[in-house]
Amino acid sequence: MNIKNIKNQFSIFTNHPDVVYLDNAASTQTPDAVLDAMNIYYTNYRANIHRGLYSFSDLATQTYEKARDSIAKFIGADSQEIVFTGGVTHGLNMLAAGLGKYLKPGDNVVLTEMEHHANIIPWQEASKIYGFELRFIPVVDFKLDMDVADQLIDERTKIVSFTAISNAIGTINPVHEIITLAKKIDAITVVDYAQAITSYNLDVRKLNCDFLVFSGHKMCGPTGIGVLYGKKERLEALDPFMYGGGMIREVSLAGASWADAPAKFEGGTPNISGAIGLGAAIDFLTGLGMEQIKEHRAGLAAYLVQELSKVVNIIGNVDEAKRSGVVSFAVGDVHAHDVADILNSNNVAIRAGHHCAMPLMKKLGISGTARASIGIYNSKEDVNRLVQGIGKVKEIFKI
Amino acid sequence: MNAAEFDNELDMVYKEMILDLYRNPLNKKSLSDFDFMHREFNPTCGDDIQIAIKFNEHGTVADVGHMGTGCAISQAGVSLLTDAIKNKSKEQIKQMSKDDVLELLQIPISHTRLKCALLGWSVLQSLT
């Protein structure tokens, strides 16, 4: 893959050629093609969808639905199994509220100790209301302890919800193994695919999960848009989360009946330009070639781990097969915040903090980490700049 | 900014004093006997500071200690602040402004580091 050609397709890199952006686990840059698609909506056929009979509205509706079709194709699903959401956090809140209400005391939901807060708190709140138990697959040596997982997932387990790749330490979880354990006792499976969506060719049929969530802004799409995938029968059984216009069949003063999925879950005017942008992002990625993207990411992740290991302590696995290009590290006793600030002065953007994974940080006995994460437009030169910046940190703190 | 300008700016912030206070903070201890104890933290970066104060019969600070973890600027800030409030009364402590605290550090504090520099001060805002 020609990185220079890719970077040229992002105006932000033309505007800021000196910036090395290595915070892709937080959010990715948006290519001009996506911005253009959104802009064309606003300047040529701006209208609400599913409602108007005039041309603008018809085109807006078609483009919005075409984006849904593209997403379905991208992940191996049917279009009616794709629900547009505001992002992963929104999707997980929908599931915890919608699935949680059918659980009772004695039932349990299994999560993991490495989950992002978005896949912990909604379940905590639901468990307070409906009385079910929350269990957490422990993290040992930066990996999930699958022996314990086997014990935790028992005949009272109703839902297993877990992340495919940890946003904090980059661990790649044994997704198929976990889904198999859940299927043995007919538990519903929810996969947080936020960090994995550009790392693999996702085929939800092969994965055979019940629900899966990801966000547009982590795959070169705009912010404020995401996807909840659900197997047809699961979405049919799930109650709506947000009630209002567009998600109904009939309404009287006495009550309402729901539309079919996915409309059932898309009440109110959605993020129309966001959906259109996400469709354009998928075209952009498939245009580059998912195989090439996968290869590039894997190669660069390996280089990142290799080069960082020489100069810092990596907080995570160093075994290539079990980790992604999301790398947490510590520079001696320097606080992550100082590391990030000094790197920022050198135009290298990384993240410092607990990465919305406080339970994991507590388990690891630390308050936070410095985290570098690669995107499709990063190169070996970017990694080298990161290493140079770390050299500066060591110089200042006399390590 | 060019490389030389970067270096100058970093050197201005990470002066000897700041690094020294990070590695050897002043008043870093817990108090078993205290009249005031409060904790604040900056969830975006993981700075976490707790300050405990014991007042004497004249109403001035007899002993003060801070615990927790944080970046160089927050540790330097709370070190200098806890030193500065020794022998002060509650009223005098409450009169200390954000600017007073920033002045203690004697370094330029950028917008992104303000919360770090003022974390200790924000703990003391709970003093009644």
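Note on segment A:320-343: among residues that are under 20 Å from residue A:375 (Cα atoms) and surrounded by fewer than 17 Cβ atoms within 10 Å (Cβ to Cβ), the one that is nearest to the other protein chains (Cβ to nearest Cβ) is A:322. Test residue B:34 against the criterion of being at pLDDT 85 or above and away from every other protein chain (no Cβ under 12 Å), and give yes or no. When the stated conditions are applied, residue B:34 passes them.
Summed over segment A:60-86, the residues that are on the phi < 0 side of the Ramachandran plot and surrounded by fewer than 18 Cβ atoms within 10 Å (Cβ to Cβ) give a count of 8.
Take the conditions hydrophobic (A, V, I, L, M, F, W, C), assigned to a loop (DSSP other than H, G, I, E, B) and touching a residue at least 40 places away in the same chain (Cβ under 8 Å) and apply them to residue B:26. Does it pass?
The answer is yes for residue B:26.
Condition first: at pLDDT 95 or above and within 10 Å of the chain's Cα centre (by Cα). Can you find one or more residues in segment B:84-94 that meet it? Yes, because at least one residue in segment B:84-94 is at pLDDT 95 or above and within 10 Å of the chain's Cα centre (by Cα). Count of segment B:42-60 residues, restricted to those that are buried (at least 19 other Cβ atoms within 10 Å of the Cβ) and either in a loop (DSSP other than H, G, I, E, B) or within 14 Å of chain A (Cβ to nearest Cβ) (or both), is 5.
Taken over segment B:92-128, the criterion of being among the small types (Gly, Ala, Ser), surrounded by fewer than 13 Cβ atoms within 10 Å (Cβ to Cβ) and either in a helix (DSSP H, G or I) or free of Cβ contacts under 8 Å to residues at least 12 places away in the same chain (or both) is satisfied by B:97 alone.
Condition check ((1) more than 12 Å from chain B (Cβ to nearest Cβ); (2) out of contact with any helix residue (DSSP H, G or I) (no Cβ under 7 Å at 6 or more places or on another chain); (3) in a loop (DSSP other than H, G, I, E, B); (4) at pLDDT 95 or above) across all residues:
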{"site": "A:359", "(1), (2), (3), (4)": "yes, yes, no, yes"}
{"site": "A:366", "(1), (2), (3), (4)": "no, yes, yes, no"}
{"site": "A:372", "(1), (2), (3), (4)": "yes, no, no, yes"}
{"site": "A:375", "(1), (2), (3), (4)": "yes, yes, yes, yes"}
{"site": "A:378", "(1), (2), (3), (4)": "yes, no, yes, yes"}
{"site": "A:383", "(1), (2), (3), (4)": "yes, no, no, yes"}
{"site": "A:388", "(1), (2), (3), (4)": "no, yes, no, yes"}
{"site": "A:392", "(1), (2), (3), (4)": "no, no, no, yes"}
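Counted as qualifying within segment A:223-287 are the strands (runs of 3 or more DSSP E) with 2 or more residues that are more than 18 Å from the chain's Cα centre (by Cα), namely A:248-251, A:256-258.
The values are calculated or read from the model by the stated rules, or taken from the named source; none is laboratory data. Note that the coordinates shown come from a computational prediction; the quantities given were computed from them, not determined experimentally. Reconstructed Cβ throughout: ideal geometry from the backbone, glycine too, with neighbour counts over all protein chains shown.
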